[in-house]
Amino acid sequence: MKTKTIQKTGIIILFLLILSTFAIAGIPTYTKLSSAGSSWFKDSLGIGTDSPSSQLHMYSGASGITGNGRLIIEDDTDVFINLLSDAGRDQGIRFGDNADNDAGYISYNHSSNNMNFGVNTATRLIIASDGDVGIGNTAPRNSLDVQAKTTSTINTITVSNPTHNNDYIQMGSSTDAGAIRFLDNTSSIKVFITAGGNSFINGGELKIASVSGSGKAVCVKSDGNLGTCTDAVSASGVCTCA
């Protein structure tokens, strides 16, 4: 008797699957399950829940909040998406539109172990395998390496505060004094300013003046003596120091 009941139940389930798979006499197709080819659901699909709140809702525990994305992965503990591939491959997320399918992206390269952030189809920021960060430079040489967008760009880093006038960059630690070094195109130190010890200028001149000022600006000549600018100080800080 149990065998016949099970057989009848199986026939009913099979009939319902067939009915949901094919459009018969104007009945719309809502679900298609196939072992060969594509399978699909017309509305939402819930995994672990019978009341999905998105097109695909993967549920393992209540998070206490309602999501609004097309894909929701929900749990009451830590949640991760794990991308796995063969060694030396790239993994990531791409952002596209009808003009470009990867206008923006976040990718991890397993050959170099670099994390790349792309904007407008190009890598704009990279975290190298040793932890160095490059902005505008895909091969950072220091902990933070910022490269100007073009060779004509003067200001590479701008620090500003829209509500206060106290804008500053603070350097130093509990054991060492902060310092700034200015190098030329041969990587030679030309200016060294430190909060501890001696600061120096190695060639060139130092001008102290408003950019729009003309004349009477204080400058330090290359021989170490004080002088004044005899002409207007340019936007790049150049004047004739005498």
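Residues in region 178-203 that are of a type in the set (Gly, Ala, Ser) and over 21 Å from ILE157 (Cβ atoms) were compared, and the one that is nearest to the chain's Cα centre (by Cα) is SER188. Of the residues examined, ILE106 is one that is among the aliphatic types (A, V, I, L, M), assigned by TED's automatic domain parsing to the domain that holds PRO140 and within 30 Å of ASP130 (Cβ to Cβ).
Just a yes or no: is a residue in region 171-181 closer than 30 Å to ALA87 by Cβ, in a strand (DSSP E or B), among the hydrophobic types (A, V, I, L, M, F, W, C) and at pLDDT 75 or above?
Of the residues in region 171-181, the ones closer than 30 Å to ALA87 by Cβ are none.
No, because not a single residue in region 171-181 is closer than 30 Å to ALA87 by Cβ, in a strand (DSSP E or B), among the hydrophobic types (A, V, I, L, M, F, W, C) and at pLDDT 75 or above.
Being closer than 30 Å to PHE200 by Cα and out of contact with any His (no Cβ under 7 Å at 6 or more places or on another chain) is a property that holds for VAL159. When the residues of region 79-91 are filtered to those that are charged (D, E, K, R) and in a loop (DSSP other than H, G, I, E, B), the one that is modelled with the lowest pLDDT is ASP86.
The residue of region 185-242 that is farthest from GLY172 (Cα to Cα), among those that are modelled with pLDDT under 75 and among the basic types (Lys, Arg), is LYS216. I'd like the residue in region 69-78 that is in contact (Cβ under 8 Å) with a residue 12 or more places away in the chain and part of a loop (DSSP other than H, G, I, E, B) and, out of all such residues, is nearest to the chain's Cα centre (by Cα). Going through the qualifying residues, I end up with GLY69.
Farther than 30 Å from ASN114 by Cα and at pLDDT 90 or above - does that describe any residue in region 36-43?
First pass over region 36-43, keeping only residues farther than 30 Å from ASN114 by Cα: 36-43.
Now restrict to residues that are at pLDDT 90 or above: none.
Checked region 36-43: no residue is farther than 30 Å from ASN114 by Cα and at pLDDT 90 or above.
The values are calculated or read from the model by the stated rules, or taken from the named source; none is laboratory data. Note that this is a predicted model, so its numbers are computed, not measured. In this analysis, Cβ positions are derived from the backbone assuming ideal geometry, glycine residues included, and neighbour counts consider all displayed protein chains.
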